[in-house]
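Down below is the structure, laid out as structure tokens.
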Amino acid sequence: MRKTTLPLVLLSALLLASGCGGSGSGSSASAGSSASANGANAPESAAALAADAKSAATGDIPDSQNFLTLDDRRLHVSMVYPEGWTVQQGPAGLSIKDKNNLVRIALANGSAPTMSRVQAELAGLKRSTPSLTLGSTRTISLKSGPAVQATYTTQSAPNPVTGKQVTLKVDRYELAHGGRVAVVELGSPAGVDNVDAYRRMIESFKWR
């Protein structure tokens with residue numbers, strides 16, 4: 001897989017789209033890469049995840065939700081996702097979206113992530129996204145291997161009709177396998193509890 005770098009101008013496109021709202025529409029996946037201290041490349045989102053501003057209190061995944069398996073042979077990864085959500089392919093990743101929930105998977109060549117590298121990537125995102133508020137960073141173990149988990153919040157652009165903004169809470173996971181690095185971001189509006197469903201999704205992530 002070739003290293004893919006997308007310009008930060010995608011942030012404007014994401015924020016513009018989020019300001020327009022719209023439930024169930026696809027959201028293009030975006031991914032980039034940033035150089036680590038040892039010269040290896042790790043994927044970095046071209047922009048922080050942005051939520052639609054249509055509603056700030058929608059998106060709960062019910063306990064009865066049925067899940068499907070996304071087996072992407074182009075990216076050589078798989079993961080379960082809620083049935084009925086919109087999947088949209090990008091040049092180096094994909095997005096899965098429903099209401100104000102947004103999941104993004106980005107792939108690039110690189111070495112295993114470290115806490116310091118992930119923190120540096122998020123610091124870079126904060127410089128380009130003033131609404132981004134950094135949370136915690138820690139190392140964890142997933143079924144697919146060790147990973148670095150980070151959290152952050154960000155806000156959508158104001159809805160052009162209501163002027164309201166949505167605060168999106170994001171769990172970001174970075175993991176590596178065979179010279180490839182994946183960034184998996186799972187975002188929901190503040191006040192929406194998708195903890196169990198999102199845990200199921202990230203635990204199902206597999207390399208192919």
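The values are calculated or read from the model by the stated rules, or taken from the named source; none is laboratory data. Predicted model only: the values in this text are computed from it and were never measured. Cβ: placed from backbone, ideal geometry, glycine included. Neighbour counts: every protein chain shown.
So here's what we get for this one:
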read-out	value
Residues being basic (Lys, Arg), part of a strand (DSSP E or B) and farther than 19 Å from residue 180 by Cβ - total across region 89-115	1
Residue satisfying condition, being at pLDDT 95 or above, touching a strand residue (DSSP E or B) at 6+ places or on another chain (Cβ under 6 Å) and in a helix (DSSP H, G or I), within set 148, 184, 170, 118	118
Selected residue (criterion: surrounded by the most Cβ atoms within 10 Å (Cβ to Cβ)) from residues of region 121-159 that are of a type in the set (A, V, I, L, M) and touching a residue at least 60 places away in the same chain (Cβ under 8 Å)	125
Lone qualifier among 127, 138, 172 - being of a type outside the set (Val, Ile, Thr) and under 26 Å from residue 82 (Cα atoms)	172
